1. Inside the range 250-267, can you point out the residues that are outside any strand (DSSP E or B), touching a residue at least 40 places away in the same chain (Cβ under 8 Å) and buried (at least 16 other Cβ atoms within 10 Å of the Cβ)?
2. Name the residue, out of Gly242, Gly232, that is more than 15 Å from the chain's Cα centre (by Cα), of a type in the set (Gly, Ala, Ser) and farther than 24 Å from Leu150 by Cβ.
3. Confirm whether Leu263 is touching a strand residue (DSSP E or B) at 6+ places or on another chain (Cβ under 7 Å), at pLDDT 95 or above and closer than 28 Å to Gly192 by Cβ.
4. What is the one condition in (1) in a loop (DSSP other than H, G, I, E, B); (2) modelled with pLDDT of 95 or more that Asp96 does not satisfy?
5. Among the numbered conditions (1) surrounded by 15 or more Cβ atoms within 10 Å (Cβ to Cβ); (2) under 46 Å from the mean Cα position of the chain (by Cα); (3) not acidic (Asp, Glu); (4) not assigned by TED's automatic domain parsing to the domain that holds Asp140, tell me where Trp17 comes up short.
6. Does Glu106 satisfy the criteria of being surrounded by 14 or more Cβ atoms within 10 Å (Cβ to Cβ), in the same structural domain as Leu134 (by TED's automatic domain parsing), under 30 Å from Phe145 (Cα atoms) and acidic (Asp, Glu)?
7. Need pairs with beta-carbon distance below 7 Å; first residue in the same structural domain as Ser133 (by TED's automatic domain parsing) and within 17 Å of Ala104 (Cα to Cα) and within the range 74-87, second aromatic (Phe, Trp, Tyr) and modelled with pLDDT of 95 or more; sequence gap 6+ or separate chains.
Amino acid sequence: MENISAALEFSQQSVNWSNMKFKYQGIDYQSSGTLSDFVSPGIELKLSSSDLSLAAAFNLAGKQIKLSQLKGKYLDSAFSLEGNIDNSDAAKPRLDLSGKINFALEDLIKILNKQYPAIKAMRPSGHLDTQFSLTGDISDFKNCFIRAKLSSNDFSLYGLNSQDLSLDYLQEQRIIKISSLRIAFYDGAIEGAGSMNLDTVNLPYHLEMQANGVKLEKLKKDTLSRNKDISGTLQAEVKLSGYSNDFDKLTGSGSVQVKEGRLWELNLFQGLGKLLFARDFASIVFSECRAAFSINNKFVYTDNLRLRSNIANLSGPLKIGFDSSLEAALDVEILSELVPLSGTLKDIATVVVGKAGIFGVIKLSGTLQQPKYIFKPAVTDIIKGLTDTLFGRGQ
C-alpha cells in the first residue's frame, strides 16, 4: 500500500475518515468510514476503485468478527453477504456466512482470461443469480460445507441460449452433489444430476443428463448451421464418469433419438445425401433416427445407428474419436422407386426395390468437419434382386 492520504476527524468515541486515497498493486482506491466504540469496535466503511465499489459494516469482539453487511459490485457483478468470522486461529479462519451474488458471466473473461484463455471461446453471457451459505475453515475450502441455489433467465455459452436455469448445489465432507439441474432449451428441457469427489487429486465425477423435446430447427439458428434445412425433435440421455484432470479417461453410455428429422444437411450426413441422391435429398424426413452409444478409450461408439424414412433406410456402426476422427459402415436399404437416386444407381434400385434387403454400404472416414465417403454396392443382394425379378423367385 502506498501514497496514502486522508482527512481524519477524532473524538473520544470515534474516528472518522474521508477522501482516503491510496494505491495497492497498481490500482487506485478511495475510502471513507467510521470507527466507533474502541472497546468493542464497530466499523463502517466504503471502498471504491475503477472496478470495485464496496460498503461494509462489522463489529470486532476479540478475534470474532460479526459482519452485519457487506455488499458491493465488482466489474458488472453485484454481491451481498452477512455472517460471522472466527479468527482465533489466524492460519485457519472459520466462516459462517450467507449471501447473494448476481454474477455477470461476461466477467469470467476479464477475471480468468489470463489463466484460462480458452474461456473466451466459450462466449459466456447473461446473469447467474446465486443464494448461498458457507460454513467452515476457509483455508481448507474443499472441506467447507456449502449449500447454493443458482438460477438464470438469460444464460448463454458458445452462442447457445437457455432460459429458466436452476441448479441445486451441495458441498459436504469433500463431496460435491448437484441434486437437480434444469434448463429450458429451445422449446425443450435439459435435466440432470451429478457428483464430484474433492478428496482425491484427480477429482473423479459422475454426471447424468437428459434432453427432451429440443427443437433442432430453433437450435440451429444459434449455430453455424443456421442457413441449413435442419429440423426435428431431439431426445437424448447420457451417463458419464471421468476425472477432471484427464478427459481421455471419460467413460459413459447413452442414447439419442430425433423424431421427424431433416438431417441431410448436417456435415455428417450431407455427403451421404450427395453420394446417393440426385436432388431433393434434403426433403426426405426420417421418421426415426436413433442410436444407443458407449464412450470409452477416447471414442464414442454405436453399433446400431438407424435412420429410417419411407423411401430409404440406413443402419450400421459408427465410431467418433475425441479427436473428431470418423469411422462408419452404413447399410443402405432402398424402399421406394420414388427415391431420387443419381445415375445408374436409380436403374439398379428400380430392379431391387422390395427384392433384396441391402442396396449397398457407405463407408465413412476422415473427420466430422471433413467426412469422406465411399459407396460399395451390395453385389450379392443386387444379383439376387435381379434374379428374383427375372425368374419370379421369392414371390
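The values are calculated or read from the model by the stated rules, or taken from the named source; none is laboratory data. The structure presented is a predicted model; accordingly, all values stated were derived computationally and were not measured. Virtual Cβ from ideal backbone geometry, glycine too; neighbours counted across all protein chains shown.
1. Of everything in the range 250-267, those that are outside any strand (DSSP E or B), touching a residue at least 40 places away in the same chain (Cβ under 8 Å) and buried (at least 16 other Cβ atoms within 10 Å of the Cβ) turn out to be Leu263, Glu265, Leu266.
2. Exactly one of Gly242, Gly232 is more than 15 Å from the chain's Cα centre (by Cα), of a type in the set (Gly, Ala, Ser) and farther than 24 Å from Leu150 by Cβ, namely Gly232.
3. Answer is no for this residue.
4. (1)
5. (2)
6. Yes.
7. Listed pairs, sorted by first residue: Ser77/Phe103.
Per-residue answers, yes or no, for (1) more than 21 Å from Ser98 (Cβ to Cβ); (2) in contact with a helix residue (DSSP H, G or I) (Cβ under 7 Å, 6 or more places away or on another chain); (3) touching a residue at least 40 places away in the same chain (Cβ under 8 Å):
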site: Ile146; (1), (2), (3): no, no, no
site: Ser151; (1), (2), (3): no, no, no
site: Tyr158; (1), (2), (3): yes, yes, no
site: Ser162; (1), (2), (3): yes, no, no
site: Asp168; (1), (2), (3): no, no, no
site: Lys177; (1), (2), (3): no, no, no
site: Ala189; (1), (2), (3): yes, no, no
site: Met196; (1), (2), (3): yes, no, yes
